[in-house]
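What follows is calculated from the coordinates using simple rules that are stated; it is not laboratory data. Quick caveat, the model's predicted, so the values are computed rather than measured. Heads up, the Cβs are rebuilt from the backbone with ideal geometry, glycines too, and the neighbour counts pull from every protein chain shown.
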Amino acid sequence: MKKILFIEDEATLQKTFGDVLQQKGYKVINALDGEIGLRLAKSEKPDLILLDLVLPRMHGFDVLKRLKQDPETKAIPIIVLTNLEGIQDIDKVIELGATIYLVKTQYKVEEVIEKIKKILQQ
Amino acid sequence: MAQDILNQLNVLNQCRRYGLSPWQCPQFLFLVMGIVIIISSIISYLIGAQYIADPEVVVFIVLSIATILFIISYIITRSFERLAEASRMKSEFINIVSHQLRSPLTNIKWTFEILTSKNLEMPTGKVEEYMTNVKDNIARMVELIDDLLIVSRIEQGRIPMRKKEIRLESLIEELVSRYKVFAEASHIELNFYPQKNLPEIFVDPSLIKLVIENLIDNAIRYTRGGGKVKIKLEVKAKNILFSIQDSGVGIPQKEQKYIFQKFFRAENALKERTKGSGLGLYVCKSIIDKAGGRIWFKSEEERGTTFYFTLPIK
């Protein structure tokens, strides 16, 4: 069973989207902020990380940077799932090594699940 | 066309549109510079006509005028910088606001998709939880939009103040009894200690109510269970002094200077609750400043915070 680390501070989203992921057969690990996310990424070695950008204590950019710098976590594909939409944000995120960047309001739940499936199949 | 030209000449109106004082506004400063040039040219001609044999005086006059013009040009350049900064802050504001509105919107949108989708199964027994989520997020959006409207009106100086003679302690008593239930639910003691024989004050009650609601809300939210919130009201010099003391998480020293800024959330506040709009204290400060009072706080991390504000007694 594939493991997905969900780094997101909105409890509602963690619950609803987390429920869907579990239904689709994934094991979901939740992290409410960047520091916890980094720790869990190292200890749980997930197959995929869903990362929000606006997080308490550590901004998503910093989390992304650290994940890609750490040899233990740099190979894990990362989907940045956020509501920030600036071109600079998108460019920066791809430059830092994220696999794809999704703006939450522009995608349906099912579409996000499809993207996750595709990346995990690679 | 004549109307347009007249409008352009009405420099003070233009400056007001930017929200800047005339002395920071480029158009006004150019006008001042123009007047200085004209007057100084006339004066130097008149003086020059008298002292034409004395070149030092003429040189002195020319240098003084050049210096004055240089200073005014420098001030004008700075005022352009301020305009650019104001414009940049507006774009940033819009970015932050869109993000703040999108978060609850995503919650609602995705919850609905899950509730109505044929491909996604609703986890049994969770319908009520999901419905509550939607309700909470709608309330969040409403609150944010209300806050934004207030902020916008404050910035344009368009807050209508409907002042009345009121007894502040009655207003606070009403709010305290309303919030007591909310506080008790989190095992927090909320008490109000008004001084005796307090005078009436001349303020807009709905605005002051907003300030006090915000302060009480914050005090309760950032205080952990078993804590106490104490509200005091007394006379100090020519003002009425309101203070609200909580035993909450406090505000870290290095963040204290940003507390009243728009959208600022202290790091430890963000840890407790990421959903605040960060506009509350900005709104409070604007209202108290406009009412002729002063608002400040004392805080120690992990010990608690006390917020104070004064309002003048007429």
For this session: Work out how much length B:LYS236 to B:ARG78 would gain on full extension: take 0.36 nm times their residue separation and subtract the Cα-Cα distance, in nm to one decimal.
Result: 52.8 nm
Problem set entry | Centroid-to-centroid separation of region B:142-181 and region A:69-122 [C-alpha atoms, Å] | 42 Å
Problem set entry | Distance (nanometres) between label positions extended 7 Å along Cα→Cβ at B:PHE202 and B:ASP217 | 3.0 nm
Exercise. What is the pair-distance distribution P(r) of region A:3-121, computed from all Cα-Cα distances in 5 Å bins starting at 0, with each bin given as a whole percent?
Worked result: 2, 12, 25, 27, 22, 10, 2
Problem set entry | Free-standing Cys, chain B [no other Cys Cβ under 4.7 Å] | B:CYS284
Exercise. Taking other Cβ within 10 Å of each residue's Cβ, how do B:LEU120, A:LEU5 sort, fewest first?
Worked result: B:LEU120, A:LEU5
Exercise. When the Cα atoms of region B:95-155 are enclosed in a convex hull and the volume is divided per residue, what value in Å³ results?
Worked result: 68 Å³
Seminar exercise, completed: To the nearest 20 debye, chain B has a Cα-centred charge dipole, built from +1 on Lys and Arg Cβ and -1 on Asp and Glu Cβ, of 440 debye
For this session: Using the charge dipole of region B:164-312 (Lys, Arg: +1 at Cβ; Asp, Glu: -1 at Cβ; taken about the Cα centre), state which of B:GLY227, B:SER286, B:GLN195 has its Cα farthest towards the positive end.
Result: B:SER286
Problem set entry | Sequence-separation-based contact order of chain A, relative, with Cα cut under 8 Å and 6+ spacing, percent | 22 percent
For this session: Measure off 7 Å from each Cα along the Cα-to-Cβ vector at A:ILE94 and B:THR124, then give the distance between these two points in nanometres to one decimal.
Result: 4.6 nm
Problem set entry | Those lysines that a straight Cα-Cα span of less than 21 Å connects to B:LYS254, excepting residues fewer than 8 apart in one chain | B:LYS262, B:LYS271, B:LYS285, B:LYS298
Exercise. Going by alpha carbons, how many degrees (0 to 90, nearest 10) lie between the helix axis of B:127-155 and the longest principal axis of chain B?
Worked result: 20 degrees
For this session: Within region A:1-74, list the GluC sites (Glu not before Pro) lying in a DSSP loop whose Cβ has at most 15 other Cβ atoms in a 10 Å radius.
Result: A:GLU72
Problem set entry | Unit charges on C-beta of K, R, D, E only; dipole of chain A, Debye | 480 debye
Exercise. Rg/Rh for chain B: what does it come to with C-alpha atoms and Rh from Kirkwood?
Worked result: 1.14
For this session: Please identify which residues in region B:165-200 have an amide N closer than 16 Å to a label point set 7 Å out from the Cα of B:LYS228, following the Cα→Cβ vector.
Result: B:184, B:187-194
Problem set entry | Alpha carbon Rg of region B:164-312, scaled by the compact-globule rule 2.2 N^0.38 Å | 1.00
Exercise. Counting other C-beta atoms within 10 Å, which of A:MET1, B:MET161, B:MET141 has the fewest, and how do the rest follow?
Worked result: A:MET1, B:MET161, B:MET141
For this session: Using label points projected 7 Å from each Cα along Cα→Cβ, tell me how many nm separate A:GLU72 and B:LEU46, to one decimal.
Result: 8.4 nm
Exercise. Where does the protein assembly as shown land on the Kirkwood hydrodynamic radius, alpha-carbon pairs, in angstrom?
Worked result: 26.3 Å
Exercise. Nearest 10 degrees, 0 to 90: what angle lies between the long axis of helix B:26-50 and the longest principal axis of chain B (Cα atoms)?
Worked result: 20 degrees
Exercise. In debye to the nearest 20, how big a dipole does region B:2-86 give about its Cα centre with +1 on each Lys and Arg Cβ and -1 on each Asp and Glu Cβ?
Worked result: 340 debye
Seminar exercise, completed: Straight-line reach check, A:LYS65, cutoff 20 Å on alpha carbons, 8 or more apart in-chain or any other chain, hits among aspartates and glutamates -> A:GLU8, A:ASP9, A:ASP33, A:GLU35, A:GLU44, A:ASP47, A:ASP52, A:GLU85, A:ASP89, A:ASP91, A:GLU95
